[in-house]
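These notes concern the structure reproduced below.
Each reported figure results from applying straightforward, stated rules to the coordinates on display, with no laboratory input. Because the structure is a prediction, the values reported are computed rather than measured. Here the Cβ is made from the backbone with ideal geometry for all residues, glycine too, and neighbour counts use every protein chain on show.
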Amino acid sequence: MTTELRWHGYKYMPYEKRLAALEVARLTNATPVSTDLGLRLSCHIRAPLARRFTYFADALDSSGTRVVTDQARFEASAPRNGQTGSHARPLPRLTKQATRYSAHGLHEYRGKFNPQVVRATTNILRLRCGSLVLDPFCGSGTVLLEAAHFGLDAAGFDVHPLAVEIANAKLVAFQTPRREFRKAADALIFYLGPFAELQNPRMLDERLEDELPRSRGEILPNLPYLRAWFPAPVIHQLAFVLSSIDVLVPTKLRGVFRVILSDIVRDVSWQEPADLRIRRRRTPARNYPAIALFLDGVQRKTAAICATPVLVAKKSIQAAFLADSREAEQVRKCIHSRFGRRCVDAVISSPPYATALPYVDMHRLSMCLLGLINDREIRDAERVLIGNREITDRERRSLEDRITRNAGNLPRVCHDLCVRMLRDAAKPGNGFRRRNTPALLYKYLEDMQVAFRAIASVMKHGAPLAFVIGPNRCSLGGSEFAVDTPALLSSIGDNSSFDFAERFELDAYQRFDLHQQNSIRKEVLLVMRRR
């Protein structure tokens, strides 16, 4: 008996077909053969196994039995694929890969992990329902949500408060009964709808003054700071939305709708929405339709979440913690207290880069609005991130001294690269950001070494660690330096109780935005195993 695994109708990146063949081989212990329609196996695949595959529409055996993959059902439930219900038959022919199915689209987050890569990785590592996965740099929670779809227990750690808020909101949104979630959304839409229709700022302000039960200062934290970045009518609208969420939405769901509000904050502020840094709009407006944009987000995201099929029979636990993966004792306590276990079965993550995205700058308005941070703590919140690119001259000199002495005891390949970069950074023609590069890279590698050792302390012996990260380049003093971050991290892993296992090249998606010239063009799936 044979089984045909059939592709979707959309165009694939080259690495996706390579990963597809790899996960099939790992799960079936058979060698697939390429065909015009997909891959063929000279064996029968049982339905539960066939449903696990990531990149196929379905599996068809020689008797004519067809099994639709769970991933195909998830992607078909995404609004742009035109399915009106999670169990519509037949499934539509997908013309474009969906990455914002389920709660993945609850909040935009730069540098987000591709959910299909996460699912394929769980298959390549041959994880089973009930396995405990750790994401030590969980960001907005892609690994955690995919674990919920799959039936894996999962713990995520991040030091970015909004990222943890988003990750836990996604989990709550997916796990809440659909009727309950829709009821909360409908209550907000019914109550706020009439206000969204008021376009005149003065009329809107008058209505909101009558409706707000408390002063805006009691509703909004960091109000003086927010007033510097939002028009007054927008301040009133944001306060009213938050007050309405508190009154109309059950406690466990409030975080979900606060996150939906956070997703439109930059669009209704005086900060340039397309810029990653703190820059004001060139043509700021006197008002923006915050309530209308919020309700539009509520409607779209409720539809996506409620259309998502629930395909996992086994109950599992996922949680994101506001914690530092460099703190071994903190990591151990969180895992033991929440999951009752002392060791994890696997690590899957997309770690930060040496010069990470400026997440705090991007999200500072949301964090101040939601009370996740005090406006005076913004700079400190930035500095605690691994890969932070902001250092003082004094810190740079201290780090340069550490490079000279290799005070962090980094592997030779890491130290040699930093020494060569430090030599060329001292040449004329380098601005302050380029002069900072060797120090920042050394600090990043030191931090990642500490994190590796903390992570190793909670992993079973032989457990896999899978990182998706890419190489990049920089120019110093007229010289080009290749920064092969996967190779550097592999050497650090070898220095921290890990053995190199496998490396798979991935083609990164081209970014078409304001910062596309600085985006990563290639990524690597790096797999190591705990010694």
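For this structure, a couple of remarks:
- Summed side-chain charge close to Gly255 - residues other than Gly255 whose Cβ falls under 12 Å, Lys, Arg +1, Asp, Glu -1: +2
- In the calculated pair-distance distribution of the chain, the portion above 35 angstrom amounts to 40 percent of the Cα-Cα pairs.
- Neighbour count of at most 15 Cβ within 10 Å plus DSSP loop: longest chymotrypsin sites (Phe, Trp or Tyr not before Pro)-free window in the chain: 13-508
- Residues whose amide H comes within less than 5 Å of that of Thr2, counting only those at least five positions distant or on another chain, are Ser62 (H built at 1.01 Å from N in the peptide plane).
- Estimated translational diffusion coefficient (Stokes-Einstein, Kirkwood radius over Cα pairs, 25 °C, 0.890 mPa s) of region 243-317: 165 µm² per second.
- Measure of compaction for region 178-307 (Cα Rg per 2.2 N^0.38 Å): 1.05
- In the chain, the calculated helix contribution to ellipticity at 222 nm averages -14000 deg cm²/dmol per residue, counting -39,500 (n - 2.57) for every DSSP H run with n ≥ 4.
- Distance from region 458-505 to region 44-73 (C-alpha centre basis), Å: 34
- Counted by Cβ distance under 14 Å from Leu22, the other residues give a net charge of +3, where Lys and Arg count +1 and Asp and Glu count -1.
- Placing a label point 7 Å from the Cα of Arg473 along the Cα-to-Cβ direction, the residues of region 392-419 whose backbone N falls under 19 Å from that point are 417-418.
- Ala407/Arg300 FRET efficiency (R0 45 Å; Cβ-Cβ; nearest 0.05): 0.30
- Of all DSSP beta bridges confined to the chain, the antiparallel ones make up roughly 70%.
- Taking θ as phi - 60° and the Karplus parameters 6.51, -1.76 and 1.60, the scalar couplings of region 457-471 work out to 5, 10, 9, 5, 5, x, 5, x, 10, 10, 10, 10, 7, x, x Hz in sequence order, x denoting glycine and proline.
- Charge context of Asn495, other residues only, Cβ under 11 angstrom, K/R +1, D/E -1: +1
- Antiparallel bridge percentage (DSSP; both residues within region 33-190; nearest 5): 55
- Kyte-Doolittle at least -0.5, axis length at least 20 Å by Cα - qualifying DSSP helices, the chain: 14-28, 161-175, 178-196, 232-248, 290-307, 432-456
- With 23 Å as the limit, the listed pairs Lys112/Lys252; Lys252/Lys315; Lys112/Lys170; Lys170/Lys443 have Lys112/Lys252; Lys170/Lys443 beyond it between alpha carbons.
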